[in-house]
Amino acid sequence: MIRLTFRDGFYELRPSKIVALAKNYAEHAKEMESDVPEKPVFFLKPPSALIGPGDPIILPRVSKRVDHEVELAVIIGKKAKRVPAEKAMDYVMGYTIMLDITARDLQAEARRKGLPWTISKGFDTFAPVGPRVVDKRELKVEDLEIGLKVNGELRQLGRTSGMVFKVPELIEYISSVMTLEPGGDIIATGTPAGVGPLRHGDHIEAWIEGGIGKAEFDVLSEGSILC
């Protein structure tokens with residue numbers, strides 16, 4: 001459970017699943033040497049990967065390259081099953097920032113072997129969220145700046161209008177496959193171009209304009225954590 005600021009209080013984020021989109025920005029698909037998909041491509045990250053503001057991102061020993069990916073996260077507010085796109089926004093509670101942290105070398109190895117990506121996406125701390133949840137009534141997400149800096153250096157900068165598949169389309173497609181549950185199921189809507197590696201001691205600043213604010217996280221190596 002992650003507790004984020006929401007309205008005048010807090011919201012306890014308890015997702016049953018985190019649904020993350022692959023290649024939902026054309027320029028990111030290009031940098032990954034991949035085609036833009038004809039239908040949404042999604043995968044799951046475990047809820048155990050979630051961390052909130054003030055928690056560090058931990059780089060696992062088994063990976064030699066871990067990348068950042070900044071994303072607009074959609075928080076589901078009520079049970080959604082086979083929802084048409086024109087009604088999809090009725091099922092959204094709000095929005096926050098999520099980083100889809102990825103062990104890129106492990107992902108590449110899995111792809112070469114034709115195996116699932118779960119190991120590259122599922123480590124503890126690989127789904128940082130925050131700093132707050134913004135009510136859907138207070139934010140229009142169709143064309144917002146989204147960006148990320150590492151140690152003050154700009155790495156990613158795009159606009160949500162660059163999504164190949166928009167939020168209503170994503171909800172329609174995903175809910176035709178699996179039921180989205182209230183209480184905090186998350187759809188991470190994909191990342192713009194500019195993904196890159198993280199190292200021990202890095203400081204991340206990620207933002208989406210319009211009221212969500214700036215999410216900040218420190219990066220530590222697994223070997224630096226005292227048991």
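Quick notes
- Whether a residue is among the β-branched types (Val, Ile, Thr) and under 27 Å from residue 16 (Cβ atoms) was assessed, and residue 134 passes this test.
- Residue in the stretch 196-216 that is among the basic types (Lys, Arg), over 16 Å from the mean Cα position of the chain (by Cα) and open to solvent by 10 Å² or more (accessible area, probe 1.4 Å) present: yes
- Sole exception among (1) open to solvent by 10 Å² or more (accessible area, probe 1.4 Å); (2) modelled with pLDDT of 95 or more; (3) part of a strand (DSSP E or B); (4) farther than 20 Å from residue 181 by Cα for residue 43, by number: (4)
- Residue in the stretch 2-25 that is among the aliphatic types (A, V, I, L, M), open to solvent by 30 Å² or more (accessible area, probe 1.4 Å) and either outside any helix (DSSP H, G or I) or in contact (Cβ under 8 Å) with a residue 60 or more places away in the chain (or both) present: no
- Given (1) crowded, with 21+ Cβ neighbours inside 10 Å; (2) more than 20 Å from residue 68 (Cα to Cα); (3) modelled with pLDDT under 95, number of the condition residue 182 does not satisfy: (1)
- Test: residue in the stretch 167-179 that is out of contact with any strand residue (DSSP E or B) (no Cβ under 8 Å at 6 or more places or on another chain), of a type outside the set (Lys, Arg), part of a strand (DSSP E or B) and surrounded by fewer than 21 Cβ atoms within 10 Å (Cβ to Cβ): no
- For the stretch 87-115, the set of residues classified as closer than 21 Å to residue 23 by Cβ, open to solvent by less than 60 Å² (accessible area, probe 1.4 Å) and aliphatic (A, V, I, L, M) consists of 88, 97, 98, 99, 101, 103, 106, 108, 110, listed by residue number.
- Strands (runs of 3 or more DSSP E) (entirely within the stretch 65-155) containing at least 1 residues that are touching a residue at least 24 places away in the same chain (Cβ under 8 Å) and farther than 26 Å from residue 213 by Cβ: none
The values are calculated or read from the model by the stated rules, or taken from the named source; none is laboratory data. Computed from a prediction, not measured in an experiment: that's the story for all the values here. Using ideal geometry, Cβ is built from the backbone for each residue, glycine included, and neighbour counts are taken over all protein chains shown. Keep in mind that these areas ignore ligands, DNA and RNA; they rest on the heavy atoms of the full protein, side chains included. Shrake-Rupley method; radii C 1.70, N 1.55, O 1.52, S 1.80 Å.
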